[in-house]
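Asker: The structure follows.
Read the figures in this text as sums done on the coordinates, not as results from a lab. Keep in mind that this is a model prediction, so the values were computed, not measured. Cβ placement follows ideal geometry from the backbone for every residue including glycine, while neighbour counts extend to all protein chains displayed.
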Amino acid sequence: MALIASGAPCRSRLTESTAGPSQLLSTIKARRARSAIPDELRHWGKWRLALDMLDEVTGEWGLPGRPVVADAGYGDATEFRLGLTERGLTYALAVSPTATAHPPRQCP
């Protein structure tokens, strides 16, 4: 894990190896406070953000659903593929070469 903290006159990089856990935590809290990020708000994966954007485009904007094309960063996320299927969107997604596939209704 790495954290970029601003400082004058240059930026310094804090990592677990250069900063203790308490210093890292206090730096993260300070950055969240400066950015007005509530404590209860946590990280959202890019696949969740992408589904939110697709919902906005097709729902709020009223645009038709178009086929979704994405790299393995999205294709490897099962939740993203399921979200596209639930929304009735067709898609072509790259997946990592180490990905496995199973026939429908079968468990690994």
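Asker: Please report how far the C-alpha centroid of the range 44-58 lies from that of the range 77-98, rounded to the nearest whole angstrom.
Answerer: Computed from Cα coordinates, the inter-centre distance equals 13 Å.
Asker: Follow-up question, since we're still on this one. Which three numbers, in whole Å and largest first, are the semi-axes of the equivalent ellipsoid of the range 46-93 derived from its Cα gyration tensor as √(5λ)?
Answerer: On the way: eigenvalues 60, 23, 16 Å².
Equivalent-ellipsoid dimensions as semi-axes: 17, 11, 9 Å.
Asker: To continue, here is another question. For the range 15-108, run through the chymotrypsin sites (Phe, Trp or Tyr not before Pro) and keep only the ones in DSSP coil with at most 15 other Cβ atoms within 10 Å of their Cβ.
Answerer: Trp44, Trp61
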